[in-house]
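Where a number appears in this text, it was derived from the coordinates with a stated rule and is not lab data. Treat the numbers as computed from the prediction; the structure is a model and nothing was measured. We place every Cβ from the backbone using ideal geometry, glycine too, and count neighbours over all the protein chains shown.
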Amino acid sequence: MYLEDEKLLDITNKNKKNILVALENINYISNDPNIKVTYIKILNNLLKFHKAIENYFYSKKPGYNTVFQKRIDDNDDSEYLFSKIKSELKSNFNDEGFNSLYSEKFFEVIDAVENNILELFKDEKEYDFNNYLINLINEKKLDEFIWLNTIYNIYKNNQSIKDIVNDYRTFTSIEFSDLYQMYLFVTDYNINELLLKDESKIITNEYLTNINNFFDYMYNLVDDMKNFVAKENKKEILSFNSKLDTYTNVATPNKDEFIKITNKLFTVMKDLYQNDNTKLLLNNVYPVLVKSFYAPLKNDDKIKYDFNDDFIFALEYLQIIIEVMSEDNGN
């Protein structure tokens, strides 16, 4: 960190207070509970981000030790206040209380917080904060690392946390009933008999013919997209097969309807594959290995990830279905 001591701590303290102010207004920014929960999750991690900046700052001080760190933590009640405010929101959380004035105030506070963060990092030419992130990896704190690294890269690239929410909103168009309609079409018309066997360079024939692999994965992915902000205390969801009876009134789609659903799924998965912010927030596409975390990042290099193989399989599975069912193939 290259700011003088007082300025850095003044900024982080001011921002932590503003984050609490933003949280107090969360029920008024939207009538969509998903958007509210998304911002609560992000604000919570943004608060942790500022704590991390301070911890990194103090850890560079001469004589720093665990006793000193405990004293720092004991003198900061921002996380306690965040939990308290969050609890007080619950009684009115599901009410449609959108208020343009409160919403405007919320985003003004967010803008102020983000402008301060950009001030913190504008002279950080060596990106020393990566050393803090690498320590999280070494300590196997992957979830904390993913969030802080995501936020860090957002501000390093002069972006906004609002981009995460906007990205997330584009991935909520898929419904579980869409998957069930696909399932009905695939099973009723034996589409797996047409799935270009021996043509895929990625998917084996066994995978193509085992539709449970695909639909279980897609069901979990859709659930993750819709609920990632509440995953921490969420029990394991049921498999797709155990939920089939939920959609007994859904009819098998015709070919045009099926292609429309499949294209929609493929577009969402393609966007997920290409979007760093959303990739990092979803459980199902968390990296199985962080390739370059043992060395500090330099310049604009980003940490690279290996992707979940099932995600790649699902992408190609969808692409093959589209090819098989398209008019060009005469099917």
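Values as computed for the structure displayed
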{"item": "Computed label-point distance, nm, for sites Phe107 and Lys61 using a 7 Å Cα→Cβ extension", "result": "3.9"}
{"item": "FRET efficiency, Asp143 to Asn205 (Cβ-Cβ, R0 35 Å, nearest 0.05)", "result": "0.45"}
{"item": "Spin-label model distance (nm) - Lys14 vs Asn131, 7 Å beyond Cα toward Cβ", "result": "2.7"}
{"item": "Percent of C-alpha pairs per 10 Å bin, the stretch 65-188, short to long", "result": "9, 21, 35, 21, 11, 3, 0"}
{"item": "Neighbour-count order for Tyr80, Tyr102, fewest beta carbons within 10 angstrom listed first", "result": "Tyr80, Tyr102"}
{"item": "Whole-Hz ³J(HN,Hα) from phi, Karplus 6.51 cos²θ - 1.76 cosθ + 1.60, for the stretch 44-56, glycine and proline x", "result": "4, 6, 5, 5, 5, 4, 5, 4, 5, 4, 5, 4, 5"}
{"item": "Peptide ranges 48-55, 33-40, 108-115 listed from the most packed, as the mean C-beta count within 10 angstrom indicates", "result": "48-55, 33-40, 108-115"}
{"item": "Per-peptide average of other Cβ atoms within 10 Å, ordering 183-194, 264-275 highest first", "result": "264-275, 183-194"}
{"item": "Pair Ser239, Ser83: separation of 7 Å Cα→Cβ label points (nm)", "result": "3.7"}
